[in-house]
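Student: First, the structure itself, so that you have it in front of you.
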Amino acid sequence: MIPFNFVYCRPATLEQAYEAFGQLQAEGKNPVYYAGGSEVITLCRAGSIAPGAVIDLKEIPECRVLSADREDLHFGAARTLNDIKESRLVPLLTLCCGRIADHTNQCRITLGGNLCGTILYRETCLPLLLADATVTLFGGRGLHAVPFQSVFDGRMQLEAGEFIVEVGLPGWAAQAPHWHIKRTTNEKIDYPLVSLAALCKDGRLRVALSGVCSYPFRSAEIEDVLNDSSLSIERRVEGAAALLPEPAYSDVRGSGQYRVFVLKNTLQTLLEAFSNDQI
Amino acid sequence: MIRYEGKTVIKLTVNGSVHELAVRPSDLLLDVLREQLGLTAAKPGCKNGDCGACTVVIDGWPAKSCLVLAVEAEGHAILTVEGLGGTAAVQRAFVEENAFQCGYCTSGFLMVCHALQTQHPTLPEEYVIEEWLASNVCRCTSYEEIRAAVGRLYPPEDAP
């Protein structure tokens, strides 16, 4: 059980959600946005957070969009990972969603919740970083779309009361050669030591990583090394591993040193597949 | 906009019946099912979304009821083992394959398998079955028998 009370709001429109946030904040309720709820409920039960109000975004139509037109693909923030998987609109996003938690939890965890969560892996961000995604936000500036990379630097950078409405991916992302490798310590269903997503665009490899450092990232420097065909695969792997934006993450699942070892192994697998046209 | 604060009466549709229940917004569906409706098939295990013992089916999809607020289940169709009636195909299959030992995880597995059959009326690929079953834990390790029970849900003529 959750050992305290909170206010529950279920707005029907974007405007109602934002107004509710302001109103509840004015009432001193310290509100949080809510969709799948798995992380909010877990943190509430553990006593890690104690919001006075939750605002459930699941019933807002704009947050539930799931569509493809000739140029773009749109995924509402309140769509579950399973919805996205079943749609099979973007193969790389399908693969990433399919390796987060277990299937039953994928039926609850939402795209917006994964991107905004406190758990550091946020693996749905990887295809978005690679495919030049746009993200539509609603907040004090109303409804506005911005490049995903401009509001994501390992975690979402949102203004107070602002929330994700949907994510847009360009059509080419659905057709591009891609790769996803997730390495865990033991079980298939676990947090990653290394979660690597790769897309090939115009013959160039794009790579984003989660689990290696304390936040997910895409690095232009690492991509430059990985795409330098004048170097052997081994030199490229060593060079890329030396360019991590911070020391490798260390926890009970694996030391930083071990994560770098796994990363090198994963990059080797990727580059060999890429050079053999198996990607 | 709906706003609930303090104890509020909501309507939940469980196993085809509508129930009026007084709940707090922070009450979990698992606790409401067990303590207010006396539907004790959904079991508290880890209460952290890991073990799957509390799995129910909401609108045809499995959900761990320890990670669902009762208030957000309003307007949705909730199915528990009690709603299967004792003679559902999945229940017969578990009996025929002895797919349980202590039985604590059985309710959760039954609901996952029932939802699997609902969403995949014809035999899905093996990785799909594995993916669905991997959501639940059986500490008696009856996994082989549970997998065999799933096989009984799909007679050989259903194979693609």
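Student: Compute the long axis of helix B:106-119 from its Cα atoms, compare it with the longest principal axis of the Cα atoms of chain B, and write down the angle in degrees, 0 to 90, nearest 10.
Tutor: Computed tilt is about 80 degrees.
Student: What length, rounded to one decimal in nm, is gained on full extension from A:D153 through to A:E246, with 0.36 nm per residue of separation minus their alpha-carbon distance?
Tutor: 32.1 nm
Student: Just to be sure I understand the model, the point goes 7 Å from the Cα along the line to the Cβ. What's the resulting A:S67 to B:Y104 distance in nm?
Tutor: 4.9
Student: Okay, next question. Of all the Cα-Cα pairs you can form in the range B:8-83, what percent are over 18 Å apart? Intermediate results must be reported in sequence, preceding the final value.
Tutor: On the way: 774 of 2850 pairs.
In whole percent, the long-distance tail amounts to 27.
Student: Average partner chain C-beta neighbours within 10 Å, per residue of A:259-269?
Tutor: Going residue by residue through A:259-269 and averaging, the value is 0.
Student: Same structure, new question: Using only Cα atoms and rounding to the nearest 10 degrees, what angle (0 to 90) does helix A:256-275 make with the longest principal axis of chain A?
Tutor: 70
Student: Let me ask another. Residues with beta-carbon under 11 Å from that of B:V112, excluding B:V112: net charge, scoring Lys, Arg +1 and Asp, Glu -1?
Tutor: -1
Student: What full-extension length gain, to one decimal in nm, is calculated for A:T13 and A:I189 as 0.36 nm per residue of separation minus the Cα-Cα distance?
Tutor: So the extension gain works out to 59.8 nm.
Student: Through the Karplus equation 6.51 cos²θ - 1.76 cosθ + 1.60, θ set to phi - 60°, convert the phi angles of the range B:62-71 into ³J(HN,Hα) values in whole Hz; use x for Gly and Pro.
Tutor: Here the 3J(HN,Hα) series is x, 8, 7, 6, 6, 10, 10, 6, 4, 5 Hz.
Student: Where does the range A:7-56 land on the Kirkwood hydrodynamic radius, alpha-carbon pairs, in angstrom?
Tutor: The Cα-based Kirkwood calculation yields 11.0 Å.
Student: Moving to a separate point now. Using the structure shown, select from A:K85/B:K11; A:K58/B:K11; A:K85/B:K64; B:K7/B:K64; A:K188/B:K43; A:K29/A:K85 the pairs with a Cα to Cα distance greater than 27 angstrom.
Tutor: From the list (A:K85/B:K11; A:K58/B:K11; A:K85/B:K64; B:K7/B:K64; A:K188/B:K43; A:K29/A:K85), the Cα-Cα distance tops 27 Å for A:K85/B:K11; A:K29/A:K85.
Student: By its C-alpha gyration tensor, with a ≥ b ≥ c as the square roots of the eigenvalues, how is chain B shaped: rounded for a/c under 1.5, else prolate for a/b larger than b/c, else oblate?
Tutor: Prolate.
Student: Only counting other Cβ atoms within 10 Å, I'd like B:K11, A:K201 sorted with the fewest neighbours first. Can you show the working numbers first?
Tutor: Working: B:K11 10, A:K201 15.
With the sparsest Cβ surroundings first, the list reads B:K11, A:K201.
Student: Label B:E35 and A:V146 with points 7 Å out from Cα along Cα→Cβ: what is the distance between them in nm?
Tutor: Roughly 4.2 nm, to one decimal.
Student: Using Cβ counts within 10 Å as a stand-in for footprinting exposure, how do A:V146, B:V23 rank, fewest first?
Tutor: The most exposed by this proxy come first: A:V146, B:V23.
Student: Let me ask you something else. Can you bin the range A:84-128 into rounded, prolate or oblate? Criterion: square roots of the alpha carbon gyration tensor eigenvalues sorted a ≥ b ≥ c, rounded for a/c under 1.5, prolate for a/b above b/c, oblate for the rest.
Tutor: Oblate, since a/c reaches 1.5 and b/c is not below a/b.
Student: To make sure I understand, if each residue's beta carbon is the centre and we count other beta carbons within 10 Å, what order do B:M111, A:M1 fall in, fewest to most?
Tutor: Values: B:M111 30, A:M1 15.
So the residues, fewest neighbours to most, are A:M1, B:M111.
Student: Is the C-alpha gyration tensor of the protein assembly as shown telling us rounded, prolate or oblate? Criteria: a/c under 1.5 is rounded; beyond that, a/b larger than b/c is prolate, otherwise oblate.
Tutor: oblate
Read-outs: derived from the displayed coordinates by stated rules, not from any lab. These numbers come from a predicted model, not from an experiment. Neighbour counts are summed over all protein chains in view; Cβ atoms, including those assigned to glycine, are modelled from backbone coordinates with ideal geometry.
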